[in-house]
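Q: Sharing a structure, written as structure tokens. Questions coming.
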Amino acid sequence: MSAATLEAPASDATLTPVADKLTKKILTADHPTWCPGCGDFAVLAAFYKVLEKLQYPHEKIVCVAGIGCSSRFPYFVNSHGIHFIHGRALPLATGISLSRPDVHVFVFGGDGDGFSIGGNHLNHAARKNIKLTYVIMDNFVYGLTKKQTSPTSPQGFKSKTDPTGSIDRPINPMKQLLASGATFIARTHAAQVKHMMEIFERAILHDGFSVVECLSECVMFYAGSFDDSTPRKGGVYNIIDETQHNVTDDVAAFKMADEPSPGQFGVYYQVERPTKNALEQKWIDSTQEKLNGMSQKDILKKRLEAMR
């Protein structure tokens, strides 16, 4: 055989497939079916942009959601995704995050899914400091069920469930999140795309439970709800000055959260604390060390044998 016919041995570089650069085209799945003008379109576009910037491996992205207009996110993002029952997205996302520490978990929902039926789950995921990012698209109304009062609807809001106007005091999302123990708490607006992208990136890069309340107007059932925070509609968009606000001071954040509408936008609170993920892994590693390096499968098998 001549030297010309000899093939050079394959190098490691040729054996390792080169991943495609993560782009919006790759991330786009089904065409969004929200109503024309819905603020959730901008939230989705901002999410695409941030993922393009961070360039996480495509196969390491997981989107989880519950029920509601905004919870349709997993249908529109070409990634691992799952649609769970109303208000229970966080318990499922917790299991994914703890069992697969190599993936990046994103949860999407609305004010009903997050602060009403899912409110208790929000508190527990936050206090445990699960490593994930939760985006709550707050529109002050139940839009999917065609205009019903939500936990964040202001007093006096007329809906199908309160035709004469809501008499219930709305919850304060920032105060609730601060009390829950979340380690990253921020607020942004779907109409302020640049700011929204900055907040999303900071939330995603935070090592712990990060949650962002994103005001997202429902143009069908609560048009004009956020005009007071939209400059092009005569409102004022007050961004938190972090040279004056200490984001590690929960008392200062709590006072800021009490400001009248539209309040301020940006990072209210951010602190570093051990995640449940890290603490559980430390526990697992310690246990396996005591068991002479037995695999999780062997440990489970031994346990089941002991239960017979």
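Q: Being surrounded by 24 or more Cβ atoms within 10 Å (Cβ to Cβ), touching a Cys at 6+ places or on another chain (Cβ under 9 Å) and either at pLDDT 95 or above or over 24 Å from residue 181 (Cα atoms) (or both), is that true of even one residue in region 124-134?
A: No, there is no match, as no residue in region 124-134 is surrounded by 24 or more Cβ atoms within 10 Å (Cβ to Cβ), touching a Cys at 6+ places or on another chain (Cβ under 9 Å) and either at pLDDT 95 or above or over 24 Å from residue 181 (Cα atoms) (or both).
Residues checked against (1) at pLDDT 90 or above; (2) among the small types (Gly, Ala, Ser); (3) more than 28 Å from residue 191 (Cβ to Cβ):
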position	(1), (2), (3)
12	no, no, yes
40	yes, no, no
49	yes, no, no
52	yes, no, no
68	yes, yes, no
73	yes, no, no
94	yes, no, yes
103	yes, no, yes
106	yes, no, no
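Q: Among the candidates 236, 247, which residue alone is among the hydrophobic types (A, V, I, L, M, F, W, C) and farther than 30 Å from residue 100 by Cβ?
A: Details: 247 fails: farther than 30 Å from residue 100 by Cβ.
Criteria check complete, one pass: 236.
Q: Any residue in region 222-235 that is assigned to a loop (DSSP other than H, G, I, E, B), open to solvent by 60 Å² or more (accessible area, probe 1.4 Å), touching a strand residue (DSSP E or B) at 6+ places or on another chain (Cβ under 8 Å) and β-branched (Val, Ile, Thr)?
A: Residues of region 222-235 assigned to a loop (DSSP other than H, G, I, E, B): 222-226, 230, 234-235.
Restricting the remaining residues to those that are open to solvent by 60 Å² or more (accessible area, probe 1.4 Å) gives 223, 234.
Narrowing further to those that are touching a strand residue (DSSP E or B) at 6+ places or on another chain (Cβ under 8 Å): none.
No: zero hits.
Q: Determine, yes or no, whether residue 273 is loosely packed, with under 10 Cβ neighbours inside 10 Å and of a type in the set (Lys, Arg).
A: no
Q: Follow-up. State all residues of region 111-148 that are touching a residue at least 40 places away in the same chain (Cβ under 8 Å), within 26 Å of residue 80 (Cβ to Cβ) and either in contact with a Lys or Arg (Cβ under 8 Å, 6 or more places away or on another chain) or part of a strand (DSSP E or B) (or both); if no residue qualifies, say none.
A: Residues satisfying the conditions are 118, 128, 129, 130, 131, 132, 133, 134, 135, 136, 137, 138.
Q: Could you tell me whether any residue of region 210-218 is open to solvent by less than 80 Å² (accessible area, probe 1.4 Å), more than 30 Å from residue 34 (Cβ to Cβ), outside any loop (DSSP other than H, G, I, E, B) and of a type in the set (D, E, K, R)? Before the answer, list the steps.
A: First, the residues of region 210-218 that are open to solvent by less than 80 Å² (accessible area, probe 1.4 Å): 210-218.
Right, trim to more than 30 Å from residue 34 (Cβ to Cβ) and you get none.
No, there is no match, as no residue in region 210-218 is open to solvent by less than 80 Å² (accessible area, probe 1.4 Å), more than 30 Å from residue 34 (Cβ to Cβ), outside any loop (DSSP other than H, G, I, E, B) and of a type in the set (D, E, K, R).
Q: On the basis of being touching a helix residue (DSSP H, G or I) at 6+ places or on another chain (Cβ under 7 Å) and hydroxyl-bearing (Ser, Thr, Tyr), does residue 133 make the cut?
A: On the way: touching a helix residue (DSSP H, G or I) at 6+ places or on another chain (Cβ under 7 Å): yes; hydroxyl-bearing (Ser, Thr, Tyr): yes.
So residue 133 fits the description; yes.
Q: Being over 12 Å from the mean Cα position of the chain (by Cα) and part of a strand (DSSP E or B) is the filter; apply it to region 188-209 and report the residue that is farthest from residue 90 (Cα to Cα).
A: 189
The values are calculated or read from the model by the stated rules, or taken from the named source; none is laboratory data. A quick note: this is a predicted structure, and the numbers were derived from the prediction, not measured. Cβ coordinates were reconstructed from backbone atoms using ideal geometry, including for glycine residues, and neighbour counts include every protein chain displayed. These accessible areas exclude ligands, DNA and RNA; they are computed on the full protein's heavy atoms, side chains included. Shrake-Rupley method; radii C 1.70, N 1.55, O 1.52, S 1.80 Å.
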